[in-house]
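J.: My questions will all concern the structure given below.
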Amino acid sequence: MEFLTRLAKRLVNNIGLKILSLLLGILIWVIVVGIDNPVKTQIFASIPVNVENAAVMEDAGKFYEVADSSKTVAVSVRAERSILDQLSRDNFIASINLEEYNEGRVPINVRATRYADKITSITPRNSYASVTVEDLGRKQFGIEAEISGEVPEGYSVGGSTINNNIVRVSGPESVVNSIDHAAVRVSVQGMTRDIRTESNILLYDSAGQSVDTADLELSRTETGITVEIWKNKDVPVTYGYTGIPADGFAATGNVSATVNDLTITGERDDLSEVESIMIPGTAVDISNASGNVTAKVDLSKYIPSGIRIVHDEDAKADVTVEIQELSTINVEIPASNITVDNVPAGMTAIVGGIGEVTVISVRGLAKDLSELNPAMITGRIDMNEIAVSQNIGEWTAGAYEAPVSFTYPEGIYSGNSVVAVKVILRPEEAVAADSVFNDDQADGQATE
């Protein structure tokens, strides 16, 4: 008992042993804690990488794109197990500062938003993010209407109006330069009334393939569009022609064409004013023709403003004008059909003899000649022209050869031979005396 008492006093009074005991206790505590709450390393994956100071690129007129493999990062975090157990990827912020861009790489910085002072280390698996930089492209495009679907029979797609028909595009120069045009898509399937809608703006390359807009900035992404639906109308088409055929030939008036009826469409007011389409004579020229003339006529040139041909295949027509050779016949013209102008004063002019006829040749198409009535041909003699041609200073009674100028009905032409008849000039008193004598003789015969 005394031994134990002396040992206790020695231990209590020995400072060295006290320190040794303290150290031994701490060591035991560390060993116990290390076994129960060890420091470990844990990986946290798929942490989004934020971009800082993007304006640096924009101010320089550059476009940047972070590689897909660098848009998230995994980090190794070293801390006590009790701390790690309370952390998740949401407790870390990863970022890149574009001011630190260097030859396609930017350092990745990661910091903790929780227990930062209790974390031993944070190490990104990838220390750098891959960033592509190219010149920034800017272009402006007109927006077209891209119409799909079919309207019912008897209707057509009319005009289209886009509310805001310009879109400005900026983004990677290579992508912007690949854009050929912009369009909005509208379906008219089964529609009989105008369509008004909002449609997304689509971008296409020169091959008609859609351009991905993920890296592009558009001044607008959609716009309003109105598509008019017009009713169709069938109208007849008539054709004219111009010119004079070769000598000895004439147009029969028969005109044939591959398009005689036309389906047209347009706004209601414009369409109501069109009942037929007249193709002017200037469209077909038969000058100097000695046979049928066929011409291809573009009908779209003669369609009224605001009107459109529905079927493209009807826009052009082959038009044929029939030309035939003229026939020649002789006809007898009564003397009474020939008049004499500018008869000398005091004279009476008589054409031929009583009951005489003048035979002339005329030309024309067979059908016109068969319907010709000689009484429809009239002649004219001008005594002044005879005086000039025969150098007559003073007229005297007698017989004179006089050329006749004939007038023919439509479709009948001169036989190209000069016709002359005999004109007898007699003093008016002689004609009057003969008239009295003939009247008295007629009365005497009646008395007998």
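J.: Please state which one of Thr123, Thr132 is within 27 Å of Val176 (Cα to Cα), exposed (fewer than 14 other Cβ atoms within 10 Å of the Cβ) and β-branched (Val, Ile, Thr). Break it down stepwise before answering.
T.: On the way: Thr123 fails: within 27 Å of Val176 (Cα to Cα).
None of the others qualify; the one that does is Thr132.
J.: It is to be established whether one or more residues within the stretch 206-214 are in a loop (DSSP other than H, G, I, E, B), surrounded by 15 or more Cβ atoms within 10 Å (Cβ to Cβ) and modelled with pLDDT of 95 or more.
T.: First pass over the stretch 206-214, keeping only residues in a loop (DSSP other than H, G, I, E, B): 206-209, 211-214.
Checking the rest, the ones that are also surrounded by 15 or more Cβ atoms within 10 Å (Cβ to Cβ) come to 211, 213.
Within this subset, residues satisfying the condition of being modelled with pLDDT of 95 or more are 211.
Looking for residues that are in a loop (DSSP other than H, G, I, E, B), surrounded by 15 or more Cβ atoms within 10 Å (Cβ to Cβ) and modelled with pLDDT of 95 or more, one finds at least one in the stretch 206-214, hence yes.
J.: Then there's this: Against the condition without any contact (Cβ under 8 Å) to a residue 40 or more places away in the chain, surrounded by 12 or more Cβ atoms within 10 Å (Cβ to Cβ) and not polar (S, T, N, Q), how does Asp270 come out, does it pass? Give the derivation first.
T.: Details: without any contact (Cβ under 8 Å) to a residue 40 or more places away in the chain: yes; surrounded by 12 or more Cβ atoms within 10 Å (Cβ to Cβ): yes; not polar (S, T, N, Q): yes.
Here the answer is yes, as Asp270 does meet what is asked.
J.: If I ask for residues that are among the hydrophobic types (A, V, I, L, M, F, W, C) and closer than 30 Å to Glu217 by Cα, which ones from the stretch 50-91 would you list?
T.: We begin by selecting, within the stretch 50-91, every residue among the hydrophobic types (A, V, I, L, M, F, W, C); these are 51, 54-57, 60, 63, 66-67, 73-75, 77, 79, 83-84, 87.
Listed by number, the residues that qualify are Val51, Ala54, Ala55, Val56, Met57, Ala60, Phe63, Val66, Ala67, Val73.
To keep it simple, each residue is scored yes or no on (1) surrounded by 13 or more Cβ atoms within 10 Å (Cβ to Cβ); (2) outside the structural domain of Arg111 (by TED's automatic domain parsing); (3) modelled with pLDDT under 60.
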position: Leu7; (1), (2), (3): no, yes, yes
position: Ile15; (1), (2), (3): no, yes, no
position: Lys18; (1), (2), (3): no, yes, yes
position: Ile43; (1), (2), (3): no, no, no
position: Val49; (1), (2), (3): yes, no, no
position: Ala55; (1), (2), (3): no, no, no
position: Tyr64; (1), (2), (3): yes, no, no
position: Ser70; (1), (2), (3): yes, no, no
position: Ala74; (1), (2), (3): yes, no, no
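J.: Still on this structure, please answer the following. Taking the condition of being surrounded by 13 or more Cβ atoms within 10 Å (Cβ to Cβ), touching a residue at least 40 places away in the same chain (Cβ under 8 Å) and either of a type in the set (Gly, Ala, Ser) or in a strand (DSSP E or B) (or both), how many residues in the stretch 340-363 meet it?
T.: 12
J.: Still on this structure, I have one more. Could you list, in sequence order, the residues of the stretch 280-321 that are of a type in the set (Asp, Glu), out of contact with any helix residue (DSSP H, G or I) (no Cβ under 8 Å at 6 or more places or on another chain) and without any contact (Cβ under 8 Å) to a residue 60 or more places away in the chain?
T.: Listed by number, the residues that qualify are Asp285, Asp298, Asp312, Glu313.
J.: When both residues are 6+ apart or on different chains and their Cβ atoms are under 9 Å apart, which pairs have a first residue that lies in the stretch 49-63 and is over 11 Å from Asn97 (Cα atoms), and a second that is surrounded by 13 or more Cβ atoms within 10 Å (Cβ to Cβ) and of a type in the set (Gly, Ala, Ser)?
T.: Phe63/Gly137; Phe63/Ser170; Phe63/Gly171
J.: Which residues, counting only those in the stretch 96-140, are in a loop (DSSP other than H, G, I, E, B) and among the polar types (S, T, N, Q)? Break it down stepwise before answering.
T.: Taking the stretch 96-140 and keeping what is in a loop (DSSP other than H, G, I, E, B), we get 101, 103-104, 108, 113-115, 125-127.
Across the stretch 96-140, the qualifying residues are Thr113, Asn126, Ser127.
J.: Please verify whether the stretch 311-319 includes one or more residues that are acidic (Asp, Glu), within 59 Å of the chain's Cα centre (by Cα) and part of a strand (DSSP E or B). Show your work before the answer.
T.: Initially, the stretch 311-319 is screened for residues acidic (Asp, Glu), giving 312-314, 318.
Narrowing the set further to residues that are within 59 Å of the chain's Cα centre (by Cα) leaves 312-314, 318.
Within this subset, residues satisfying the condition of being part of a strand (DSSP E or B) are 318.
Yes, because at least one residue in the stretch 311-319 is acidic (Asp, Glu), within 59 Å of the chain's Cα centre (by Cα) and part of a strand (DSSP E or B).
J.: Can you spot a residue in the stretch 173-187 that is among the hydroxyl-bearing types (Ser, Thr, Tyr) and under 30 Å from Val49 (Cα atoms)? Reasoning before the result, please.
T.: The first filter runs over the stretch 173-187 and keeps only residues among the hydroxyl-bearing types (Ser, Thr, Tyr), leaving 174, 178, 187.
Next, only the ones that are under 30 Å from Val49 (Cα atoms) stay: 174, 178.
Yes, the stretch 173-187 has at least one match.
J.: I've got another one for you. Would you confirm whether or not the stretch 216-229 contains a residue that is touching a residue at least 24 places away in the same chain (Cβ under 8 Å), within 12 Å of Ala182 (Cα to Cα) and not in a strand (DSSP E or B)?
T.: Here is the first cut: in the stretch 216-229, the ones touching a residue at least 24 places away in the same chain (Cβ under 8 Å) are 216-220, 222-229.
With the extra rule that they be within 12 Å of Ala182 (Cα to Cα), the set shrinks to 218, 220, 222-223.
From what is left, the residues that are not in a strand (DSSP E or B) are 220.
Scanning the stretch 216-229, I find at least one residue that is touching a residue at least 24 places away in the same chain (Cβ under 8 Å), within 12 Å of Ala182 (Cα to Cα) and not in a strand (DSSP E or B), so the answer is yes.
J.: Right, here's the next one. So if I check each of Ala420, Ala402, which one is modelled with pLDDT under 90 and surrounded by 12 or more Cβ atoms within 10 Å (Cβ to Cβ)?
T.: Working: Ala402 fails: modelled with pLDDT under 90.
From the options Ala420, Ala402, the qualifying one is Ala420.
J.: Can you name the condition, by its number, that Arg114 falls short on among (1) in contact with a strand residue (DSSP E or B) (Cβ under 7 Å, 6 or more places away or on another chain); (2) farther than 24 Å from Glu58 by Cβ?
T.: Result: Arg114 fails condition (1) only.
The values are calculated or read from the model by the stated rules, or taken from the named source; none is laboratory data. Keep in mind it's a predicted model, so treat the numbers as computed, not measured. In this analysis, Cβ positions are derived from the backbone assuming ideal geometry, glycine residues included, and neighbour counts consider all displayed protein chains.
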